[in-house]
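Engineer: Have a look at this one.
The values are calculated or read from the model by the stated rules, or taken from the named source; none is laboratory data. These numbers were taken from a predicted model, which means no experiment stands behind them. Cβ coordinates were reconstructed from backbone atoms using ideal geometry, including for glycine residues, and neighbour counts include every protein chain displayed.
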Amino acid sequence: MKEFEEPTLSADAVLAGLSLAGRVRYAAVGLAGLTVALLVGALWATEPSLPLRTHVAFGGIVAAGLGWAGFAGWTLTRRVPLFARDRVIAGVLALTFSGATAVGLVLVAATRGGTTAVLTASATGLVLVTAALALLVTGRRRRAELLRRKAALTGR
Amino acid sequence: MDPTALLVVRCQLGEREALAELVRTWHTQLWNYARRMAGDAETADELTQETWVAVLRGLPKLRTPEKFAPWLFTIARRTLANRLRAQYATRAEPVAEPVGEHDDPLDRVELLAGLADLPLLEREVLVLFHVHDLSLQECAEVVGVPAGTVKSRLFRARRMLRDAMVERGYGR
């Protein structure tokens, strides 16, 4: 028993209202923000004596970077769907950014700080790279699981 | 092969054209559900749009693609319940009634003509069961009550519908 009226709101209007693009863009923006915040933070922490206005400037840059990272994180987890393909792309981006950040942190620490600074930078870099790798692995696993399901459903 | 499950899996993989196809396939049903429950087209437009946003957000995490239909209507009902909170809250479940075995099938014209006069809880199960062809168990999942309660609501709804039609002069 089916009797459907033609909707006054068309499916195409719905599709236009749904943001289907830009998910990976958020991941890139967030990761870039985090990288800037960490690298500038490392420079800031290892600079021995700075005038007040430089402290304010460094603080502003770190806050802006963290702000973008937080905004992107909130958007990706609460506002937009992250499908399997997006998760894999976001994972690759995360690994690239975290790898670059880790190298940058260790270089800054090695040229400007002592052994403790190098060890701290290495540990931070390792945590970042591990987290990114975990994101990439879970993303790829989910995609593989869905591809298997698709193959089973299409009988191929 | 379950075409809806395949479409959902393709959406979960991130195939853009599958998302568009999913919306086009289910939009008319979803809008009509909202229209019949909310009563006017304008509210149905808003509810449908809100539901699609929520569906898209939850789609990557849907673990049982073959249960897409009840999941979709559960989200639609939640969106509707937020909007019609007052109407849902004021109704207490009447004492369960015995469900008659001699319950005749409903006439399509009767059903569609009388739906708007029914209270929300009864209208809801009639729409889900008879118009959208969900099973008793699926209706129970959507509404969040045991299947027995759905059965007794359906029985009561059909009786109310017939009484209303008799009053209007459609009597048999």
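Engineer: Under the condition of being assigned to a helix (DSSP H, G or I) and exposed (fewer than 13 other Cβ atoms within 10 Å of the Cβ), which residue from region A:109-125 is modelled with the highest pLDDT? Write out each step before concluding.
Structural biologist: Residues of region A:109-125 that are assigned to a helix (DSSP H, G or I), as a first pass: A:109-112, A:115-125.
Right, trim to exposed (fewer than 13 other Cβ atoms within 10 Å of the Cβ) and you get A:111, A:115-116, A:123.
Values: A:Thr111: 88, A:Thr115: 88, A:Thr116: 88, A:Ala123: 94.
Once the filter is applied, the top-ranked residue is A:Ala123.
Engineer: Report whether or not B:Arg57 is among the basic types (Lys, Arg) and either more than 7 Å from chain A (Cβ to nearest Cβ) or surrounded by fewer than 16 Cβ atoms within 10 Å (Cβ to Cβ) (or both).
Structural biologist: no
Engineer: Sticking with this one: Please verify whether region A:106-124 includes one or more residues that are under 14 Å from the mean Cα position of the chain (by Cα) and in contact (Cβ under 8 Å) with a residue 12 or more places away in the chain.
Structural biologist: No, there is no match, as no residue in region A:106-124 is under 14 Å from the mean Cα position of the chain (by Cα) and in contact (Cβ under 8 Å) with a residue 12 or more places away in the chain.
To keep it simple, each residue is scored yes or no on (1) within 23 Å of A:Pro48 (Cα to Cα); (2) more than 10 Å from every other protein chain (Cβ to nearest Cβ).
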{"residue": "A:Gly91", "(1), (2)": "no, yes"}
{"residue": "A:Val103", "(1), (2)": "yes, yes"}
{"residue": "A:Gly125", "(1), (2)": "yes, yes"}
{"residue": "A:Ala132", "(1), (2)": "no, yes"}
{"residue": "A:Leu147", "(1), (2)": "no, no"}
{"residue": "A:Ala152", "(1), (2)": "no, no"}
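Engineer: Now for a different question. Is there a residue being charged (D, E, K, R), modelled with pLDDT under 95 and in contact with a Pro (Cβ under 7 Å, 6 or more places away or on another chain) anywhere in region B:49-72?
Structural biologist: Yes, the conditions are met somewhere in region B:49-72.
Engineer: Under 7 Å between Cβ atoms, which residue pairs at least 6 apart in sequence (or on different chains) link something in region B:5-33 that is facing another protein chain (nearest Cβ under 9 Å) with a partner that is acidic (Asp, Glu)?
Structural biologist: B:Ala5/B:Glu66; B:Gly14/A:Asp86; B:Asn32/A:Glu5
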